Amino acid sequence: MGSKAVIATTSSHSSFYNIIPGAIEEGLEVCVVCFDRDWELWSQYPDLLNQINIIRVKEYRDSKATVKAFNSLDGDVVIVPHGSFVRYLSVTELKQLKHPIFGGVKILGYEGDRNRNSELLIAAGINTPKVFTDGEAIDRPVIVKLHGAEGGKGYFIANNKADFQEKSKGKNIDFIQEYISGVSVYAHYFSSPIEKRCELLGFDRRLESNANSQYLVSTEEPSFTVIGNVPIVVRESLVPEYHRMGRNFAEQTGLVGPFCIETIVTTDPKIYAFEFSGRIVAGTTVWVPYGNTYANALWNEPMYMGKRIAREIKRAFEKKKLDMITVDSPKLEEI
């Protein structure tokens, strides 16, 4: 092995403001495949760019060029995925990468399939909203998600079967789920084989336009396009249940590294998990660089997700146990 591990990823919001600062803070080398669409923004930060290695790729949709760029890297490289990364590289293409992926590939495939996503939460004993396989069975308000929708764009609420039939005309429906009224809470975890524990690192909530607008006129349908994130501290009585959910999910899947369980909390209060993300998500960027209440209490220092990823990779490298953090969710079947 070389003198230090190398973190590799693609250009995105999460990589630039979260993964890269964490890797630098932990003293790791960084290689980034940067797409031309991101270069105008990235070039505004020369001090940060001077600390990393950049491979330019013209088009983010050119998956072959992206795979080739990653495979051109030498050394003890660990690839760190994020939302944009898994959106533009299929599971098949991820398997073409010669360097190991932090946390493996299988969990990303389950994440991207909404039915398998929900089934995995249920298998972990986590409370979830009812799923409807078709519109004919709808007997309560539902939220409807479209194929290829990103960041909540295009989601809509249907109050009943007739409302669904009217609103779904001409739309490519992917998933129909019971609509739960409450506050959105996104719980962020880190499953660590090196520390032998599942860590609850913090919470955030999404700001969605126009569902979170100050005033929604009666003639306007709510929309759920995500425009930002804010950190939150949850009600104390809910924290043990969130701990349990994270531990159960990590044990059920065998995943490694960051994951997010996306929930709604009702007035009871009762927690419903409507989906998970099996990698770092943008909401954790609100902690950089000062950490947050939960992660800092656990680590007794400022800790955020990008830094936590780098810490795990660094320690695995030092212990010569990189295989422990790149294992591919052994409890999950191939899809």
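The values are calculated or read from the model by the stated rules, or taken from the named source; none is laboratory data. Given the structure is predicted, the values throughout are model-derived calculations rather than measurements. Glycine gets a Cβ as well: all are built from the backbone with ideal geometry, and neighbour counts include every protein chain shown.
Observations, loosely collected:
- Residue in the stretch 6-25 that is assigned to a loop (DSSP other than H, G, I, E, B) and surrounded by 20 or more Cβ atoms within 10 Å (Cβ to Cβ) present: yes
- In the stretch 162-187, the qualifying residues are those that are assigned to a helix (DSSP H, G or I) and hydrophobic (A, V, I, L, M, F, W, C), and the one that is surrounded by the most Cβ atoms within 10 Å (Cβ to Cβ) is PHE164.
- When ASN127 is tested against (1) in contact with a Phe, Trp or Tyr (Cβ under 7 Å, 6 or more places away or on another chain); (2) surrounded by 15 or more Cβ atoms within 10 Å (Cβ to Cβ); (3) closer than 28 Å to GLY83 by Cα, exactly one condition is not met: (2).
- Residue list for the stretch 68-107, filter: free of Cβ contacts under 8 Å to residues at least 40 places away in the same chain, basic (Lys, Arg) and more than 21 Å from ALA5 (Cβ to Cβ): LYS68, LYS95
- LYS68 vs. criteria among the basic types (Lys, Arg) and either closer than 21 Å to VAL256 by Cβ or surrounded by 14 or more Cβ atoms within 10 Å (Cβ to Cβ) (or both): yes
- Restricting attention to the stretch 254-287, the residues being of a type outside the set (Asp, Glu) and over 26 Å from ARG315 (Cα atoms) number 12.
Each row is one residue, and each column tells you yes or no for (1) touching a Pro at 6+ places or on another chain (Cβ under 8 Å); (2) under 28 Å from GLU333 (Cβ atoms).
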position	(1), (2)
GLY125	no, yes
GLU136	no, no
PRO141	no, no
LYS153	no, no
ILE157	yes, no
ASN160	yes, no
ASP163	no, no
GLY170	no, no
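- A count restricted to the stretch 139-172 and to residues that are within 22 Å of VAL86 (Cβ to Cβ) and not aromatic (Phe, Trp, Tyr) stands at 11.
- Residues in the stretch 26-57 that are part of a helix (DSSP H, G or I), under 23 Å from the mean Cα position of the chain (by Cα) and among the aliphatic types (A, V, I, L, M): LEU41 alone.
- The numbered conditions (1) assigned to a loop (DSSP other than H, G, I, E, B); (2) within 17 Å of THR225 (Cα to Cα); (3) among the basic types (Lys, Arg) are all true for ARG140 except (2).
- The stretch 258-283, subset of a type in the set (S, T, N, Q) and under 16 Å from ASN117 (Cβ atoms), residue surrounded by the most Cβ atoms within 10 Å (Cβ to Cβ): THR263
- Top-ranked residue of the stretch 117-174 - restricted to ones that are of a type in the set (Asp, Glu) and under 23 Å from ALA187 (Cβ atoms), ranked as modelled with the highest pLDDT: GLU119
- Qualifying residue in the stretch 241-257 (condition: assigned to a strand (DSSP E or B) and surrounded by 23 or more Cβ atoms within 10 Å (Cβ to Cβ)): yes
- The set of residues in the stretch 62-109 being in a helix (DSSP H, G or I) and touching a Gly at 6+ places or on another chain (Cβ under 8 Å) consists of VAL86, VAL91, ILE107, LEU108.
- Candidates PHE102, PHE85, PHE190 - the one that is on the phi < 0 side of the Ramachandran plot and at pLDDT below 90: PHE85
- Filtered residue count, the stretch 291-315, keeping only those that are in a helix (DSSP H, G or I), over 17 Å from ALA250 (Cβ atoms) and either in contact (Cβ under 8 Å) with a residue 40 or more places away in the chain or among the acidic types (Asp, Glu) (or both): 8
- LYS95 being closer than 30 Å to GLN252 by Cβ and of a type in the set (Lys, Arg): yes
- Test result for ILE54, in contact with a helix residue (DSSP H, G or I) (Cβ under 9 Å, 6 or more places away or on another chain) and either on the phi > 0 side of the Ramachandran plot or surrounded by fewer than 20 Cβ atoms within 10 Å (Cβ to Cβ) (or both): yes
- Condition met for ASP268 (at pLDDT below 95 and farther than 28 Å from HIS99 by Cβ): yes
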